[in-house]
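J.: Mind looking over this structure? Questions follow.
The values are calculated or read from the model by the stated rules, or taken from the named source; none is laboratory data. Since this is a predicted model, take the numbers as computed values, not measurements. Counting neighbours? That spans all protein chains shown, and the Cβs are built from the backbone with ideal geometry, glycine included. Please note that ligands, DNA and RNA were not included when accessible areas were found on the heavy atoms of the full protein model with its side chains. Shrake-Rupley method; radii C 1.70, N 1.55, O 1.52, S 1.80 Å.
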Amino acid sequence: MSVNIDLSGKDAVITGASRGLGAATARALHAAGCRVALNHPMVDQTTADAEAIATELNATRADSARAIACDISDADAVQGMMTGLEADWGGIDFLINNAGIIRDRTTVKMSREEWRAVMDVNLDGVFYASKYGLEVMRNNGAIVSLGS
């Protein structure tokens with residue numbers, strides 16, 4: 001089954017877009033015509049991965065994708081990312097809250113710091129991205145939040 005959706009002229013921000021479901025979502029929205037901002041946290045390999053995806057997408061349609069480093073758990077950084085996109089793109093149409101981390105431990109073995117890091121990204125990050133995303137979102141925009 002094939003679904004054809006035309007999102008030409010629309011702009012999307014995908015948090016946690018350097019790999020996995022975020023990268024797949026960015027590719028799918030781009031294929032539908034969106035210009036995409038691939039958010040990544042600038043840790044490990046995420047910068048190189050997000051930049052490689054942006055390069056791949058820009059090869060098919062010039063200036064249609066960009067990698068944006070931003071720690072989604074930092075309210076000021078998220079606000080800066082969103083206001084930067086508003087300045088460059090005039091706003092956004094879609095926000096996909098996909099960023100998430102896991103500290104794979106039992107409750108007994110998990111430290112308070114590990115717990116706080118998970119909550120900072122997985123919960124606070126969704127709030128910050130939604131709050132500041134709504135401030136720059138165009139009419140009829142949409143937010144999709146993923147969780148596990």
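J.: For the range 1-126, with every protein chain kept in place, what is the accessible area per residue (1.4 Å probe, Å²)?
T.: 54 Å²
J.: Hey, what did the chain get for relative contact order, percent, Cα under 8 Å, at least 6 apart?
T.: For the chain, the relative contact order is 24 percent.
J.: Specify whether the C-alpha gyration tensor of the chain places it in the rounded, prolate or oblate class, a ≥ b ≥ c being the square roots of the eigenvalues: rounded for a/c under 1.5, otherwise prolate if a/b is larger than b/c and oblate if not.
T.: Prolate, since a/c reaches 1.5 and a/b exceeds b/c.
J.: Let me ask something else about it. Apply the Karplus curve 6.51 cos²θ - 1.76 cosθ + 1.60, θ = phi - 60°, to the phi angles in the range 117-124 and return the couplings in whole Hz, x for Gly and Pro.
T.: In residue order, the calculated couplings are 4, 5, 5, 4, 7, 6, 10, 4 Hz.
J.: Any idea what the dipole of the range 26-133 comes to, in debye rounded to 20, about its Cα centre with Lys/Arg Cβ at +1 and Asp/Glu Cβ at -1?
T.: 320 debye
J.: At 222 nm, what value in deg cm²/dmol follows for the chain if DSSP H runs of at least 4 each add -39500 (n - 2.57) and the sum is divided by all its residues, to the nearest 500?
T.: -13000 deg cm²/dmol
J.: Something else now. Taking the Cα centre of the range 100-148 as the origin, how large is its charge dipole in debye, to the nearest 20, when only Lys and Arg (+1) and Asp and Glu (-1) carry charge on their Cβ atoms?
T.: Value, rounded to 20: 80 debye.
J.: May I pose another question? For an R0 of 35 angstrom, estimate the FRET efficiency from the Cβ-Cβ distance between LYS109 and THR60 and round to the nearest 0.05.
T.: For R0 = 35 Å, the calculated efficiency reads 0.15.
J.: Could I ask something else about it? Would you work out what percent of the accessible area of the chain, with all protein chains in place, is carbon or sulfur (probe 1.4 Å)?
T.: C and S fraction of accessible area: 52 percent.
J.: Quickly rank 140-146, 109-115, 90-96, 46-52 as a protection proxy: mean count of other C-beta atoms within 10 Å, highest first.
T.: Going by the mean number of other Cβ atoms within 10 Å, highest first, we get 90-96, 46-52, 140-146, 109-115.
J.: Mind listing the long-range amide H neighbours of ALA67? Cut-off is under 5 Å, sequence gap 5 or more, other chains count too, H placed in the peptide plane at 1.01 Å from N.
T.: Amide H neighbours of ALA67, under 5 Å, 5+ apart: LEU38.
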